[in-house]
1. Does region 32-39 contain any residue that is modelled with pLDDT of 85 or more, surrounded by 10 or more Cβ atoms within 10 Å (Cβ to Cβ), charged (D, E, K, R) and closer than 24 Å to residue 14 by Cα?
2. Determine if region 67-86 includes at least one residue that is modelled with pLDDT under 55 and touching an Asp or Glu at 6+ places or on another chain (Cβ under 9 Å).
Amino acid sequence: MGLKRRRIKQTNSLQDRLAQSEEHMRKRAHAEPIDAEKNELLKKVRNAEQTVDIERQLRQPHSGGCTPASQKASGPTPEAFCQCSS
């Protein structure tokens, strides 16, 4: 019999957890002297900021002029998830 997966009910939203993690890493980075570990923490902060931004964009409703790439007659393109008619 395999191991049981531990299931955890999240009480905070993903956006809140990402923001808390970002703030925690930022505080740790400012406390560190300038070295490789500080640079690694700052890199993680930038990644967390980008993740929050992407998550926010995905939650916004699509504008009326945007059609998902999978619904285009020409098929999906590698440039984006949707191709806006312009």
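The values are calculated or read from the model by the stated rules, or taken from the named source; none is laboratory data. Just so we're clear, the structure is a prediction, and the values are computed from it rather than from any experiment. All Cβ positions, even for glycine, are placed from backbone atoms using ideal geometry, and neighbour counts span all protein chains on display.
1. No, that holds for no residue.
2. Within region 67-86 (the criterion being modelled with pLDDT under 55 and touching an Asp or Glu at 6+ places or on another chain (Cβ under 9 Å)), the answer is yes, since at least one residue qualifies.
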